[in-house]
Ligand SMILES: Cc1cc2nc3c(=O)[nH]c(=O)nc-3n(C[C@H](O)[C@H](O)[C@H](O)COP(=O)(O)OP(=O)(O)OC[C@H]3O[C@@H](n4cnc5c(N)ncnc54)[C@H](O)[C@@H]3O)c2cc1C
């Protein structure tokens, strides 16, 4: 079958690879000059089924409200005259109750666990260089109160089969010796021994190369302008470089999916939530973290990636504005430095900001669109690196007419 994958981020490229493995003739359409130049470019790199909690929780509205009058919050909600923002916020608030948070977290967890299985099978058969690191992730708590709350939350995921250990600061410093000099600054931690990390951009680039070797056409520098429907099917896609026709189409445009899906009768509830990212070279420092993790009180995620240290933070409602200036990163660098004073070369930061394609529930949108030959794979929010391989496998199964291994209840558009 001829399949057109729209979008060359981690989601589009993993999907193209799985489709090629199934023997399809695949073309990826990507507007940038290379793959992984959108949200997949410089994320935190955490592959974290052990952290699959939904953002929409009973506490979230309070945090959003506080951000209206305090500029130093990790979540920054700024009201704007943007009807899409208000429609999304309304749907998000409706998910902010204990039962919805439980259901959404378990759906995310189901996908993350499956995705890690697919990722591991892929790694085992296909050598890919992406600065991957196994050995778990550490979720660190600075205060006793937040530690107790975090520890209580683990039950949801441990009951669902996730390995999570509640540990004291001594054990945390044993697991990651870089914490030894600062261990008094943490109250305790949760260790997820099976979580891992890696550079999503390098992974996407390496997999795109493998996909091309299997015959996938990477049409980079090509912008999708319109998806054209005829009756109950997609008839073709207009791009700035001409028209493409295929038997099946996969929508994997991340944050940019809703605009192209709307004329097809699909109102996809995906809103861009901006995050900030800094990468530091090691600079020969020997007290770099040996595994990645999250500073839970500062909502800051970090990972050693080869000889670099990556840190990301902040969830800002800024529409499609991904601009940034050095001052935006001061708070997150200060917090990271208090944990890993010798973590990297602080004088040589590389700054980046990206847009998380968030749905109100935090789960991606999979399955068919309104047209029989349109398949959705978008809205992976803050966990697209973790979920990409799994949702790619699911999408390839659906295109092939197979039943996916994961129950898609609550994960489809309709
Ligand atoms: C700061 C930050 C930290 C994060 N940390 C983590 C983490 O630790 N772990 C994790 O699992 N996830 C993390 N994420 C989330 C993860 O990065 C995203 O979920 C994931 O990258 C989304 O991938 P995607 O392929 O759907 O989107 P994208 O990578 O944005 O891909 C969509 C592609 O579509 C292209 N495109 C758009 N419009 C058009 C058009 N008209 N024509 C052609 N091409 C077009 C874009 O150029 C882009 O390349 C983080 C995100 C951010 C911002």
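All of (1) within 15 Å of the ligand (Cβ to nearest atom); (2) part of a helix (DSSP H, G or I) hold for residue 237 with one exception: (2).
Please go through segment 1-11 and give me each residue that is surrounded by 20 or more Cβ atoms within 10 Å (Cβ to Cβ) and either farther than 11 Å from residue 219 by Cβ or modelled with pLDDT under 95 (or both), ordered by number. 3, 7, 9, 10, 11 - these are the residues of segment 1-11 that are surrounded by 20 or more Cβ atoms within 10 Å (Cβ to Cβ) and either farther than 11 Å from residue 219 by Cβ or modelled with pLDDT under 95 (or both). Scoring residue 118 on the criteria (1) in a helix (DSSP H, G or I); (2) farther than 21 Å from residue 361 by Cα; (3) without any contact (Cβ under 8 Å) to a residue 12 or more places away in the chain leaves a single failure, condition (3). Within the group 356, 393, which residue is within 10 Å of the ligand (Cβ to nearest atom) and in contact with a helix residue (DSSP H, G or I) (Cβ under 8 Å, 6 or more places away or on another chain)? Among 356, 393, only 356 is within 10 Å of the ligand (Cβ to nearest atom) and in contact with a helix residue (DSSP H, G or I) (Cβ under 8 Å, 6 or more places away or on another chain). The single residue among 112, 96 that is in a loop (DSSP other than H, G, I, E, B) and buried (at least 18 other Cβ atoms within 10 Å of the Cβ) turns out to be 96. May I ask you to verify whether residue 243 is more than 23 Å from residue 50 (Cα to Cα), more than 15 Å from the ligand (Cβ to nearest atom) and modelled with pLDDT of 95 or more? Criteria not met by residue 243. Any chance segment 281-294 includes a residue that's part of a strand (DSSP E or B) and within 11 Å of the ligand (Cβ to nearest atom)? Yes, because at least one residue in segment 281-294 is part of a strand (DSSP E or B) and within 11 Å of the ligand (Cβ to nearest atom).
You will find that of 320, 329, the residue that is in a helix (DSSP H, G or I) and either within 13 Å of the ligand (Cβ to nearest atom) or at pLDDT below 95 (or both) is 329 and no other. Scanning segment 1-26 for residues that are away from the ligand (no atom under 12 Å from the Cβ) and either closer than 26 Å to residue 139 by Cβ or touching a residue at least 24 places away in the same chain (Cβ under 8 Å) (or both) turns up 1, 2, 3, 17, 18, 19, 20, 21, 22, 24, 25, 26.
Counting only strands (runs of 3 or more DSSP E) wholly contained in segment 146-221, the ones carrying 2 or more residues that are in contact (Cβ under 8 Å) with a residue 60 or more places away in the chain occupy 188-192, 217-220.
If the condition is being in contact (Cβ under 8 Å) with a residue 24 or more places away in the chain and either within 12 Å of the ligand (Cβ to nearest atom) or closer than 12 Å to residue 370 by Cα (or both), then segment 259-269 contributes 260, 261, 263, 264, 265, 266, 268. Residues in segment 61-91 that are in a helix (DSSP H, G or I) and either more than 27 Å from residue 331 (Cα to Cα) or touching a helix residue (DSSP H, G or I) at 6+ places or on another chain (Cβ under 7 Å) (or both): how many? Within segment 61-91, residues that are in a helix (DSSP H, G or I) and either more than 27 Å from residue 331 (Cα to Cα) or touching a helix residue (DSSP H, G or I) at 6+ places or on another chain (Cβ under 7 Å) (or both) number 8.
Total residues in segment 396-407 satisfying the condition of being in contact with a helix residue (DSSP H, G or I) (Cβ under 8 Å, 6 or more places away or on another chain) and surrounded by fewer than 16 Cβ atoms within 10 Å (Cβ to Cβ): the figure is 3. Is at least one residue of segment 300-313 within 15 Å of the ligand (Cβ to nearest atom), closer than 26 Å to residue 80 by Cα and under 14 Å from the mean Cα position of the chain (by Cα)? Within segment 300-313, one or more residues are within 15 Å of the ligand (Cβ to nearest atom), closer than 26 Å to residue 80 by Cα and under 14 Å from the mean Cα position of the chain (by Cα).
Residues in segment 19-45 that are buried (at least 24 other Cβ atoms within 10 Å of the Cβ) and part of a helix (DSSP H, G or I): 19 alone. For segment 370-381, the set of residues classified as on the phi < 0 side of the Ramachandran plot and crowded, with 24+ Cβ neighbours inside 10 Å consists of 375, 376, 377, 378, 380, listed by residue number.
The values are calculated or read from the model by the stated rules, or taken from the named source; none is laboratory data. Here the structure is a predicted model, which is why all the values come from computation and not from measurement. Heads up, the Cβs are rebuilt from the backbone with ideal geometry, glycines too, and the neighbour counts pull from every protein chain shown.
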